[in-house]
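Below is one structure, written out as structure tokens; comments come after it.
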Amino acid sequence: MLPRAMSSTPIADERIEADTEDNLESTTTEELLPLFRRMLAIRRMEEAAAKAYSVGKIGGFLHLIIGQEAVCTGAIASLRPEDYVIATYREHGHIYAKGVSSREILAELWGKKTGISKGLGGSMHMFSKELNFLGGHGIVGGHVPVGVGAAFKAKYKGEKRVSVVFFGEGSSTIGGFAEGLALAALWKLPVVFICENNQYSMGTPLHRSMAIPDVSLRAVGHGMARDRFDGDDVIKVKRRVAAAVERARETNEPTLIEIRTYRFRGHSMSDPGLYRTREEVADWKRGDPIARAKRRLLEELKVDEATIKGIEAEVKEEIADAVRFADESPAADEYRKYVLKEEQ
């Protein structure tokens, strides 16, 4: 017996309806100044972590977000406190943007009891139940279905919460990513997938890892809305992600967003990044999102330089205080027991 004919519904390529470029990039001092401060604090916190790693205060792996600060800062600024965020092992900036203090983050990197995961998670596994940050995850692409599960729970309970899942372009070739997108589209879940495309899967460039480098096109096969843009403008990131977030909140429709960005350092502290030319790195640094925000504040919004210097000094003291706090905090319990061999 021949199988019954299956109905075929054409799949539309649905792009998020964005405002005009002028409206996307317009801003006020009240909107941009806090975002500038947050990005700067993330940069200085990461630089302090790199310095600590180089002198042996941090063990294990350390993946820095330097250069990509506008993505997590802008995206998370578009959320409500009750919304879920789940990220990869490069998550220090994300959890800071969600509201965890630099003290708790650096103490975690130092392996201290006062860290956000009590010093037992380290760089790759920070978590905050109170702030709905569902963790940094070391398994590439494996966390995507977890974020989808959070969206399923939110829809099931009628909570009007959105789940935002951050991942790198390397995750888009992993089975968990495909499964997560398939279920989110099939069940119409309030989730926004954000691909932080920093051009390299560890040391492998896009042209060697993807036949079609446009990650957002993976949404088309699921009838899912998509968006794709550069991530050097924190306001643009905030506005474009906000459109997808509100769409998810009101209609339970998922979206896949690809944001093109770049990490100024290697994949991790053990990676000197010799597979990239100095010219390439210098070219991307000309689009530094923090420098861009600072120029806009000074030149377009006419913020006086004393205000900017005040913020820079304030951030410097915040991170210096966080370093002192991490240095002076007691080691994590398990570290004390098994590494330092202290009596419990």
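None of the figures in this text is laboratory data; all of them are computed from the coordinates on show. On a predicted model such as this, the values are computed, not experimentally measured, just so you know. Note that we place each Cβ from the backbone using ideal geometry, even for glycine, and neighbour counts take in every protein chain shown.
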How large is the charge dipole for the chain, taken about the Cα centre, if only the Cβ atoms of Lys, Arg (+1) and Asp, Glu (-1) carry charge, to the nearest 20 debye? 760
Two-site label geometry, D271 and L217: point separation in nm, points 7 Å out along Cα→Cβ: 2.4
I want the local charge near S268. Using Cβ-Cβ distances under 14 Å, sum +1 for each Lys or Arg and -1 for each Asp or Glu among the other residues. 0
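If packing is taken as the mean number of other Cβ atoms within 10 Å per residue, what is the order of 211-219, 104-112, 189-197, highest first?
On the way: 211-219: 16.8, 104-112: 25.7, 189-197: 28.1.
Ranked by mean Cβ neighbours within 10 Å, highest first: 189-197, 104-112, 211-219.
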Among V323, V85, V144, whose mean-square fluctuation peaks in a Gaussian network model of the chain (Cα, cutoff 10 Å)? V323
Among I76, L62, H92, which residue has its Cα positioned farthest towards the positive end of the charge dipole of region 51-93, with +1 placed on the Cβ of Lys and Arg, -1 on the Cβ of Asp and Glu, and the dipole taken about the Cα centre? L62
Report the extension gain between T173 and D230 in nm, rounded to one decimal, defined as 0.36 nm multiplied by the number of residues separating them, less their alpha carbon distance. 18.4 nm
In a Gaussian network model over the chain where Cα atoms closer than 10 Å are linked, find which of K157, K118, K285 has the largest mean-square fluctuation. K157
Sorted by packing (mean other beta-carbon atoms within 10 Å per residue), highest first, where do 26-32, 233-239 land? 233-239, 26-32
May I ask you to compute the full-extension gain from L298 to H125, defined as 0.36 nm times their residue separation minus their alpha-carbon distance, rounded to one decimal in nm? 58.5 nm
Between S26 and D333, with labels modelled 7 Å along Cα→Cβ, what's the label distance in nm to one decimal, could you check? 5.6
Which lysines have a Cα less than 27 Å from the Cα of K155, not counting those fewer than 8 places away in the same chain? K98, K129, K188, K238
Which far-off residues, 5 or more places away or on another chain, put their amide H under 5 Å from the one on Y84, with H placed in the peptide plane? V162, S163, V164
Using label points projected 7 Å from each Cα along Cα→Cβ, tell me how many nm separate E47 and L186, to one decimal. 4.8
Fraction of antiparallel bridges per DSSP, region 34-322 only, in percent to nearest 5: 10
Rounded to the nearest Å, the spacing of the alpha-carbon centers of region 194-255 and region 284-300 is 23
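Mind ordering 67-73, 49-55 by average Cβ neighbours within 10 Å, highest first? Don't jump to the answer; show the numbers that get you there.
Numbers: 67-73: 28.6, 49-55: 15.6.
Ranked by mean Cβ neighbours within 10 Å, highest first: 67-73, 49-55.
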